[in-house]
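Okay, structure first, notes after.
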Amino acid sequence: MILLQIPDQPHAVDVAAVGLLGVDVQVAGLPSEVLPAAAAELVAEYVRDQQPDSAAGSVHRVTLPGLQPSIVLIAGLGEGTVGDLRIAAVALGRRIRDLDEARSVAVAIDAADEPASRALAEGLVLGGYSFTLASNADEALHTVQIVGAVDPGGLTAGDTAADAAGWARDLGNTPASILTPQRMGELAAEQLTPAGCTVQLHDVSWLAARGFGGVLAVGGGSVSPPRLIEVSYRPRGSARGPHIVLVGKGITFDTGGLNLKPPAAMRMMHTDMCGGAAVLAALHAVALRRLPIRVTVLVPAAENAVSGTSMRPSDVIYQYGGRTTEIGNTDAEGRLVLADALAYAVDRLKPSAVIDVATLTGAMKVALGLLTAGYFANDDELAGRLEAASLATGESIWRMPLEHRYLSLLDSPVADARNDPGNPGGITAALFLQPFVGDVPWAHLDIAGPARAIEEGEIFSRGATGFGARLLARYLEDLVS
């Protein structure tokens, strides 16, 4: 874990980090109190002799026996863009996280403007992330002093966004034996209530009384009953402004139900609630910064399990509002819980816009791979704002077509629609959801690819990545900036 500080005066440190553009290492960027002349000379000599790689994400270690700092890390900055700076900071944060011999670090990388300072803070904190439940885990806190020219506001904003993404990662990485629907709601209350949000955890009787047939059907086979997590943030003076509703899929474990997944496909299904984690974390970032915008988050949380009370293929369920769905495949469960929450949002919350986020379809991974989320939108302005937030945060999204010529694939002889219309799977899933939002501006983000990773990438962590938390927080910030 990394704690960022902007010291009035630099303090003695164990490790110094500097940026590298080409082979012109900026050793002069660190004050002499941090990197004295003898150390600076050795670093410059290393650069001249070794010609280290300057690509963003490369980090080189120079050991300085008998000196303080005893270690200097040289980070490649690539072309020096904001995106490259974020990648460089992630790589640097990981090297700092993995240091056994040091806890105090000074970092000097040119980040004078607000976007650069945001990227620097985001990268360092995201890179410093780790998750373990091991009893002998070393919960080391590395204090990182940022020295040189930075924008304090950008640094704070980046730190807050990365902390939110870290919480989303924590939720996604927590095993389903711990993170039941009930526990997910409790953790949301523990985190968001102190930030000024109102958290309601709606139980089975509440859901049944209001007709949340999708949530109840999906969660009906588990000993851990389903919940609807509803969180509202109402800053002063925002009553007349936009009201944005974020809906996140909260399937705390997905066996596939009676249409059981193969074992290999089930291994990571504790991360099937990463959409819910992303929207909760985005709201946390907004609330901590006291942004003047009304936001409500809905997380329909359920475990899709196998038992005598599981929903069956050929069942017909009544969604919130009365629309009916024929169950063709119990493993197409995410859209069932999202449909209830979307219909409830439009009916009861009167949003200016609604965005849902879900690890919804394997088809989206086939279409776009594991680094980019696909999204659908019925409103071009909303789509444009999401694209801008994507560019600002480095969380890649790609707009997909709401192609209505595929609507006939949803036809059912006994219901309004079937839940397994088949390929093109990402598109037909979006078409299934669209009737539940009516004419409200709406976007659907399918994050099945980038929500989880089997190894660390340029920005992503192994396991749950927290994808979407920073993107949505930036979208909300830009609405009121």
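The values are calculated or read from the model by the stated rules, or taken from the named source; none is laboratory data. Because the structure is a prediction, the values reported are computed rather than measured. Because the Cβ atoms are built from the backbone with ideal geometry, glycine has one as well, and the counts that use them run over all protein chains shown.
Of everything in the stretch 341-368, what is among the charged types (D, E, K, R) and in contact with a Leu (Cβ under 8 Å, 6 or more places away or on another chain)? Give them in sequence order.
The one that is among the charged types (D, E, K, R) and in contact with a Leu (Cβ under 8 Å, 6 or more places away or on another chain): D356.
Give the stretch 33-56 a look and list any residue that's farther than 26 Å from Q9 by Cα and assigned to a loop (DSSP other than H, G, I, E, B), or say none.
Answer for the stretch 33-56, where residues must be farther than 26 Å from Q9 by Cα and assigned to a loop (DSSP other than H, G, I, E, B): Q51, P52, D53, S54, A55, A56.
Restrict the check to the stretch 331-349 and report whether at least one residue is among the aromatic types (F, W, Y) and surrounded by fewer than 20 Cβ atoms within 10 Å (Cβ to Cβ).
No, because not a single residue in the stretch 331-349 is among the aromatic types (F, W, Y) and surrounded by fewer than 20 Cβ atoms within 10 Å (Cβ to Cβ).
Quick check on the stretch 83-106. Is at least one of its residues at pLDDT below 95, among the polar types (S, T, N, Q) and either buried (at least 19 other Cβ atoms within 10 Å of the Cβ) or assigned to a helix (DSSP H, G or I) (or both)?
No, there is no match, as no residue in the stretch 83-106 is at pLDDT below 95, among the polar types (S, T, N, Q) and either buried (at least 19 other Cβ atoms within 10 Å of the Cβ) or assigned to a helix (DSSP H, G or I) (or both).
Go through L179, L155 for me and flag whichever is buried (at least 18 other Cβ atoms within 10 Å of the Cβ), among the hydrophobic types (A, V, I, L, M, F, W, C) and assigned to a helix (DSSP H, G or I).
None of the other options fit; the residue is L155.
Does K249 qualify as being within 16 Å of the chain's Cα centre (by Cα) and closer than 18 Å to N419 by Cα?
So K249 passes the test.
Kindly list, by first and then second residue, each pair from a residue in the stretch 281-303 that is in contact (Cβ under 8 Å) with a residue 60 or more places away in the chain to a residue that is crowded, with 24+ Cβ neighbours inside 10 Å and of a type in the set (K, R), limited to pairs with Cβ atoms under 6 Å and residues at least 6 apart or on different chains.
A301/R227
If I filter the stretch 57-75 for residues that are part of a loop (DSSP other than H, G, I, E, B) and either modelled with pLDDT under 85 or of a type in the set (D, E, K, R) (or both), do I get at least one hit?
no
Would you mind finding the one in L409, L433 that is at pLDDT 95 or above and surrounded by fewer than 20 Cβ atoms within 10 Å (Cβ to Cβ)?
So the residue among L409, L433 that is at pLDDT 95 or above and surrounded by fewer than 20 Cβ atoms within 10 Å (Cβ to Cβ) is L409.
Failed condition for Y129, given (1) assigned to a loop (DSSP other than H, G, I, E, B); (2) surrounded by fewer than 24 Cβ atoms within 10 Å (Cβ to Cβ); (3) of a type outside the set (V, I, T), with all others met?
(2)
Please tell me if S177 is within 29 Å of Y318 (Cβ to Cβ) and either out of contact with any Phe, Trp or Tyr (no Cβ under 7 Å at 6 or more places or on another chain) or not acidic (D, E) (or both).
no
What residue, of A392, A373, is within 20 Å of I454 (Cβ to Cβ), touching a residue at least 40 places away in the same chain (Cβ under 8 Å) and buried (at least 16 other Cβ atoms within 10 Å of the Cβ)?
Of A392, A373, the one residue that is within 20 Å of I454 (Cβ to Cβ), touching a residue at least 40 places away in the same chain (Cβ under 8 Å) and buried (at least 16 other Cβ atoms within 10 Å of the Cβ) is A373.
Does the stretch 113-125 include one or more residues that are in contact with a helix residue (DSSP H, G or I) (Cβ under 8 Å, 6 or more places away or on another chain), surrounded by fewer than 24 Cβ atoms within 10 Å (Cβ to Cβ), under 29 Å from D272 (Cα atoms) and not assigned by TED's automatic domain parsing to the domain that holds E186?
no
Find the residue count for the stretch 172-188, including only residues that are over 14 Å from R227 (Cβ atoms) and touching a Gly at 6+ places or on another chain (Cβ under 9 Å).
2
Any residue at all in the stretch 142-152 that's within 18 Å of R470 (Cβ to Cβ) and either surrounded by fewer than 21 Cβ atoms within 10 Å (Cβ to Cβ) or assigned by TED's automatic domain parsing to the domain that holds L472 (or both)?
yes
Which one of G438, G426 is in contact (Cβ under 8 Å) with a residue 24 or more places away in the chain, of a type in the set (G, A, S) and on the phi > 0 side of the Ramachandran plot?
Result of the check over G438, G426: G438.
Which residues, taken from the stretch 26-77, are more than 38 Å from the chain's Cα centre (by Cα) and at positive phi?
G66
When you scan the stretch 201-220, do you find a residue that is in a loop (DSSP other than H, G, I, E, B) and of a type in the set (S, T, N, Q), even just one?
Scanning the stretch 201-220, I find no residue that is in a loop (DSSP other than H, G, I, E, B) and of a type in the set (S, T, N, Q), so the answer is no.
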